[in-house]
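The values are calculated or read from the model by the stated rules, or taken from the named source; none is laboratory data. From a predicted model like this one, the values you see are computed outputs, not experimental measurements. Note that each Cβ is placed from the backbone with ideal geometry, even for glycine, and that neighbours are counted across all protein chains shown. To get the accessible areas, we keep the full protein, side chains included, count just its heavy atoms, and leave off ligands, DNA and RNA. Shrake-Rupley method; radii C 1.70, N 1.55, O 1.52, S 1.80 Å.
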Amino acid sequence: MLARVVGEVVATIKHDHLAGQKLLLVQPVTPAGAPTGRVAIAVDCAQAGPGDHVLVMDEGNGAAQVLRRGRGAVRTVIVGVVDAVEAGATADRAASPHP
């Protein structure tokens, strides 16, 4: 799904599968950038930050594959930072500090 990073999560005590992982709050958005759905906590695998548009995988088996570990406590992961979204003949540029 397409989402925007809306915050960071700090947890000093967490499940072993989350040890050393950066956690971010993500808000699903439409291709035009309008909020949709519920905010979720995601493990950041793409060096994203607040305000970035991101690609989010929200499925346990896929998350396990991205993290290269057995299925466990992780379901939602950020797998990419989006530079632009094109729908039809128009393009919407996502503000991103990444090249």
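Scanning segment 10-35 for residues that are of a type outside the set (Gly, Ala, Ser), assigned to a loop (DSSP other than H, G, I, E, B) and within 17 Å of VAL82 (Cα to Cα) yields THR30, PRO31.
Based on this model, can you work out whether ARG38 counts as open to solvent by 20 Å² or more (accessible area, probe 1.4 Å), part of a loop (DSSP other than H, G, I, E, B), closer than 25 Å to HIS15 by Cβ and at pLDDT below 90? So ARG38 does not fit the description; no.
Of the residues making up segment 23-36, those that are touching a Pro at 6+ places or on another chain (Cβ under 6 Å) and free of Cβ contacts under 8 Å to residues at least 12 places away in the same chain number 1.
Scanning segment 5-30 for residues that are open to solvent by less than 80 Å² (accessible area, probe 1.4 Å) and among the basic types (Lys, Arg) turns up just one, LYS14.
Here is a yes/no grid of residues against (1) open to solvent by 30 Å² or more (accessible area, probe 1.4 Å); (2) under 20 Å from LYS14 (Cβ atoms); (3) of a type in the set (Lys, Arg); (4) at pLDDT below 90:
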residue	(1), (2), (3), (4)
VAL54	no, no, no, no
ARG68	yes, yes, yes, yes
ASP83	yes, no, no, no
GLY88	yes, no, no, yes
HIS98	yes, no, no, yes
